[in-house]
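The next block holds one structure in the form of structure tokens; read it before the comments.
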Amino acid sequence: MALTYCLTFVVSLLAGLVVTRQVRNFAVRYGVALSDARDRDVHALPVPRLGGAAIFLAFALMVVGVAAIQRFAHLPEIVPIDVILRIVFPAGLVFALGLYDDLFSASPWLKLGVQALAAVPVYLSGLRVVSIPVLTGHHDFNAAVSFAATVLWILLITNAFNLVDGLDGLAAGSALFSTLIMFVMALVNGHTGVAVLALTLVGAITGFLRFNFSPATIFLGDSGSLFIGFLLSVFALATQSKSSTMLAVAIPVLSFGLPIMETGLSVVRRFLSGQPLFRADRNHIHHKLLERGFTQREAVLILYFVSGACALLSALLLYPGGPTVGVVFFVVGGGIWIGVQHLRYPEMFELGRVARRTIQQKQVIINNLAIRRATQQIGSVENIEQLYGVLREAFQHNAFDGFELRPAVPKGTGLAWRNELFYRWERPQVLRNIAENSHWAMALELVTESGKSFGEFVAYRRSQPESLPLDINLVIDEFQRELGHALERIYAAEAGSPPLRVRAAAVGDDTDLPATR
């Protein structure tokens, strides 16, 4: 069998080289499927997008050749006809879909519909997701759930490779690593026919990469990325382990690490940004690497390293022992965390903020309650001294570091002298030297429903990397409104009283100086 595998790879490699050259020359000569530069593309000159046709033709020629030799030379059946029917023909339908999209453009829903249709004969042939051990243990899915899981798996992997097709040689190179793992899995699990088909795809992709690596003279196109992704999804189903352990799921998922991670990031960031899930953009992993200053070749080589590492780690899980499984999952988790941090997705920073806010939720509740209690108490204060006391008590137990109350009486009320009032409270060492202690301030105009302004309330906070553990709407809504009403009520009650002289709390003192008549 070793000689058979060697011949399969060599012949498919030669077929990939010859067919890719011919397809490229044909497309350039007749102007077929030339790709003009789009906003999200990184190339400037038109390049043919028929690479998928080259890979499909090289793969199909090899499959037909193997089938013919088996039939007419009466040799042992290496690739059973039923395997060809179950895998190759549905993949041909997906290739036709991709070719139509390269030539004429197809809507996302049409592409998903045809891919789902191609998944039906795969499921009916017995290649299906029967369980997810990490979720269901030893229990198998019923027919409906198994069918849905199979279709979703095929759609995920098929489109995952399409998403990473953004730089010269990236999608094909990533697929090459994944296909090699599918070949190894087929060997380990005794699926000789699938192993031959996987190795045939390896040779075809390798020959194609000769013309697709930067600077590319032919692109993979949707016909190639969808065809390869579909084949790999079916290979994973055909070579899956019967073991009811988490590794039965982890090995194929990890072997498609880069495309699956790209798909997950794309879905999350588009959902968080409120963008359509199927709209193309320039925020994929490879685009982020280009933004960081890497060249196309450097970005592709980095992502080759990621794909190769995922393939190697998944291969280690084929023979787990000792601490191997724990080490693999630790490396994968740490690598994803570090990688996402360095890509600087704003959506990921927002998720981190939400996570931190969740951890701080107890403190948020404490701070919110301080403002809510103050709001209730402000509604019943009878004089300015009580108001100051309520404010001081509230802000000693929330996230701000200081505040100023600057009352101002509307003209025509006969209380113009009240505009001289001023009150400040702050924590020790907060505003003693503003030049050395950066801070920010939030000013609230105290306007009542009648439209009259009774001054301004300013809250201070030292600049900190942590987010404010407080629902700010409590301050700028109910608290602000009640404070304005309190000043209006106090002023109305004190009309005709002698002037009230107030001096601010000493800067840096955690206590205030009360108002005196």
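Any read-out appearing in this document is the output of simple, stated calculations on the displayed coordinates, not a laboratory observation. As the structure is a prediction and not an experimental result, all values here were calculated from the model. All Cβ positions, glycine included, derive from the backbone under ideal geometry; neighbour counts span all protein chains shown.
A few comments on the model shown:
- Note, ³J(HN,Hα) from phi for the stretch 268-274, Karplus 6.51, -1.76, 1.60, rounded to Hz, x at Gly and Pro: 5, 5, 6, 5, 5, 7, x
- Considering only Ile338, Gly352, Ala492, the residue lying farthest towards the positive end of the dipole of the chain is Ile338, judged by Cα position with unit charges set on Cβ.
- As a length-normalised measure over Cα pairs under 8 Å and 6 or more apart, the relative contact order of the stretch 2-354 settles at 23 percent.
- Neighbour counting of Cβ atoms within 10 Å sorts the residues Ile472, Ile366, fewest neighbours leading, into Ile472, Ile366.
- Between amide H atoms placed 1.01 Å from N, distances below 5 Å from Gly166 occur with Ala171, all of them 5 or more places distant or on a separate chain.
- Rg/Rh (Cα only; Kirkwood hydrodynamic radius) as it applies to the stretch 144-194: 1.08
- The packing ranking of peptides 260-271, 353-364, 166-177, highest mean first, is 166-177, 260-271, 353-364, where packing means the average number of other beta carbon atoms within 10 angstrom of each residue.
- When the convex hull of its Cα atoms is viewed from all sides, the stretch 2-354 shows a mean projected area of 18.4 nm².
- Ordering Leu290, Gly166, Leu180 by the projection of their Cα atoms onto the charge dipole of the chain, which places +1 on the Cβ of Lys and Arg and -1 on the Cβ of Asp and Glu, puts Leu180 at the extreme positive end.
- J(HN,Hα) series, the stretch 388-400, from Karplus relation 6.51 cos²θ - 1.76 cosθ + 1.60, nearest Hz, glycine and proline x: 4, x, 5, 5, 4, 4, 5, 7, 6, 10, 9, 7, 7
- Using only side-chain charges placed at the Cβ, +1 for Lys and Arg and -1 for Asp and Glu, the dipole size of the chain relative to its Cα centre rounds to 680 debye.
- Shape of the stretch 162-289, Cα gyration tensor, a/c cut at 1.5: oblate
- Put in order of Cβ neighbour count within 10 Å, fewest first, the listed residues His284, His139, His439 become His139, His439, His284.
- Inter-centroid distance (Cα atoms) of the stretch 158-175 relative to the stretch 63-134, Å: 19
- Taking other C-beta atoms within 10 Å as the exposure proxy, Arg392, Arg210 rank Arg210, Arg392 from fewest upward.
- Were the residues from Glu77 through Asp281 laid out at 0.36 nm apart, the gain over their Cα-Cα distance would be 68.8 nm.
- For the chain, the longest principal axis of the alpha carbon atoms and the long axis of helix 192-212 meet at an angle near 70°.
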